[in-house]
Amino acid sequence: MTSDIPAGPSEARWVHVVDDDPLVREAVAASLGAAGHLVTRHETGAAFLAGLDELAPGCILLDIHMPGPDGIAVLEALQARRNLSPVVVLTARHEIRLAVEAMKRGAFEFLNKPFTPGELLGVLDDAFGRLSQISRDAAQSLEAKARIQALSGRELQVLQGMMGGLPNKLIAYELDLSVRTVELYRGKVMDKLGVRALSSAVRLALAARAHPGVVIPR
């Protein structure tokens, strides 16, 4: 792996270029560096995956044809690792089938070779927009996880009933509690979650479920 860290603007962003063609790597790195992006270059899919955990969050520019694991195999490996970095795959103009397959495997977009610097930067702008959304979603998920984990076991059971749309009377029956006790627990749930409406509680619980390790009774 090689990397270029230009003295670009503060909003410069990481792009991880994975292509076995050195001419393509250098040309892409030059275009991205001139635009103020930070670049790492990887000669093979295997080398990229081996160092993946050490890479800064960013977008991935991935050639579809490489020795060893090709672009499709790399996409599958990223999915297996639950890596959500936006991936732009590089294909030839006649390879529509491969481009569609890459999208099915989680690619954000595809770019046909040969491409201009303007086309490259335009696609990456969209990819970085997606990366920003992923970061926001992750932050919301972590916050939701923290709030859910602050609930007691009984409060989680009441939340389960709330998510099932059950009225307090039925929740009380299912948990062998009085309706008044369920009302008290329900109030505690809403307070700890920091919400006022049931719909907000449901959205927060669903966001927490998206985070590994969070279990909400069904």
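The values are calculated or read from the model by the stated rules, or taken from the named source; none is laboratory data. The structure displayed is predicted, hence computed values, not measured ones. Here the Cβ is made from the backbone with ideal geometry for all residues, glycine too, and neighbour counts use every protein chain on show. Keep in mind that these areas ignore ligands, DNA and RNA; they rest on the heavy atoms of the full protein, side chains included. Shrake-Rupley method; radii C 1.70, N 1.55, O 1.52, S 1.80 Å.
Table for the structure above
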read-out: Evaluated at q = 0.13, 0.14 Å⁻¹: base-10 log I(q)/I(0), Debye formula over Cα of the stretch 30-153; value: -0.58, -0.65
read-out: Phi to ³J(HN,Hα) by Karplus 6.51 cos²θ - 1.76 cosθ + 1.60 over the stretch 157-174, Hz, x for Gly, Pro; value: 5, 5, 4, 4, x, 4, 5, x, x, 7, x, 4, 4, 6, 4, 4, 5, 5
read-out: With Cα atoms, 0 to 90° folded angle of helix 198-209 axis to the chain main axis; value: 50 degrees
read-out: Cα gyration tensor, the stretch 102-150 - rounded (a/c under 1.5), prolate or oblate; value: oblate
read-out: Among [x] 1.04; [y] 0.95; [z] 1.16, the entry that matches Rg/Rh (Cα atoms, Kirkwood Rh) as calculated here; value: [z]
read-out: Probe 1.4 Å - accessible area at Leu170, Å² to nearest ten; value: 80 Å²
read-out: Mean accessible surface per residue for the chain, computed with a 1.4 Å probe while every protein chain stays in place, in Å²; value: 54 Å²
read-out: Carbon and sulfur %, accessible surface of the stretch 36-166 computed with the full protein complex present, 1.4 Å; value: 53 percent
read-out: Inter-label distance, nm, simple model (7 Å from Cα along the C-beta direction), Gln79/Tyr173; value: 4.4 nm
read-out: Net dipole in debye of the stretch 81-180 [+1 Lys, Arg Cβ; -1 Asp, Glu Cβ; about Cα centre; nearest 20]; value: 200 debye
read-out: Set of lysines with alpha-carbon distance to Lys145 below 19 Å, sequence-local pairs under 8 removed; value: Lys188, Lys192
read-out: Choice from Lys113, Lys169, Lys104 with maximal GNM fluctuation in the chain (Cα, 10 Å cutoff); value: Lys169
read-out: Built amide H within the under 5 Å cut-off of Ala92, gap 5+; value: Lys113
read-out: Separation in nanometres of the label points that stand 7 Å from Cα toward Cβ, at Asp137 and Ala56; value: 2.4 nm
read-out: Size of electric dipole in the stretch 32-103: Cβ of Lys, Arg +1 and of Asp, Glu -1, about Cα centre, debye, nearest 20; value: 160 debye
read-out: Cα centre as origin, Lys/Arg/Asp/Glu Cβ charges: the chain dipole, Debye; value: 1440 debye
read-out: Using alpha-carbon coordinates, inclination of helix 179-193 to the longest axis of the chain, degrees; value: 30 degrees
read-out: Whole-Hz ³J(HN,Hα) from phi, Karplus 6.51 cos²θ - 1.76 cosθ + 1.60, for the stretch 39-44, glycine and proline x; value: 10, 10, 10, 9, 6, 9
read-out: Which of Asp63, Asp126, Asp137, Asp191 is most accessible, then next, and so on - probe 1.4 Å; value: Asp191, Asp126, Asp137, Asp63
read-out: Structure-based [θ]222 nm, the chain - -39500 (n - 2.57) summed over DSSP H runs of at least 4, per residue, nearest 500; value: -17000 deg cm²/dmol
